[in-house]
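In what follows, a single structure is set out as structure tokens and then discussed.
The values are calculated or read from the model by the stated rules, or taken from the named source; none is laboratory data. All values reported here derive from a predicted model rather than from experimental measurement. Glycine also receives a Cβ, built like all others from the backbone with ideal geometry; neighbour counts cover every protein chain displayed. For the accessible areas, the whole protein counts, side chains as well, though only heavy atoms, and no ligand, DNA or RNA atoms are used. Shrake-Rupley method; radii C 1.70, N 1.55, O 1.52, S 1.80 Å.
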Amino acid sequence: MCYITKRKIADCVKQLMCKKSIRKITIQDIMDETNMSRQSFYYHFRDIYDVLDWIAKKDFTEKIECENCTTMEEWMIHFLEI
């Protein structure tokens, strides 16, 4: 459940960033879009920049995982393609 909530908030932040500058995105903007409470946001993140950090780590980690790679060489090729 924690990952799902964080992902929902993160996806919302990414969508809002397509519309306006990160500096102009408020916690209230995010909560209005996700229909969650401010308390939910602060339970999972300190601020919007914490969300960006989570997005960077999670999205990058998911992209570099390679279930089909059986050797280090295959994984390195996959990693470099990213």
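Extent along the principal axes, Cα only, for the stretch 1-41: 29, 16, 13 Å, with the longest axis given first.
Using bins of 10 Å that start at zero, the share of Cα-Cα pairs per bin across the stretch 21-60 amounts to 28, 56, 15, in whole %.
Ligands, DNA and RNA left out, the 1.4 Å accessible surface of the stretch 17-82 is 52% carbon and sulfur atoms.
Principal semi-axes of the equivalent ellipsoid, √(5λ) from the alpha carbon gyration tensor of the chain, are 31, 14, 9 Å from largest down. Highest mean packing first, where packing is the average number of other Cβ atoms within 10 Å per residue, the peptides 56-63, 23-30 line up as 23-30, 56-63. Only helices enter the 222 nm calculation for the chain: every DSSP H run of n ≥ 4 contributes -39,500 (n - 2.57), and dividing by all residues gives -22500 deg cm²/dmol, rounded to 500. Label positions at Thr5 and Glu62, each projected 7 Å from the Cα along the C-beta direction, are separated by 1.9 nm. With θ taken as phi - 60° and the Karplus curve 6.51 cos²θ - 1.76 cosθ + 1.60 applied, the whole-hertz 3J(HN,Hα) list for the stretch 13-27 is 4, 4, 5, 5, 5, 6, 9, 7, 4, 4, 5, 9, 7, 9, 4 Hz, x standing for glycine and proline. Taking 4.7 Å between C-beta atoms as the pairing limit, the chain has these partnerless cysteines: Cys2, Cys12, Cys18. Compared with the alpha-carbon gap, the fully stretched path from Lys20 to Asp47 is longer by 8.0 nm at 0.36 nm per residue.
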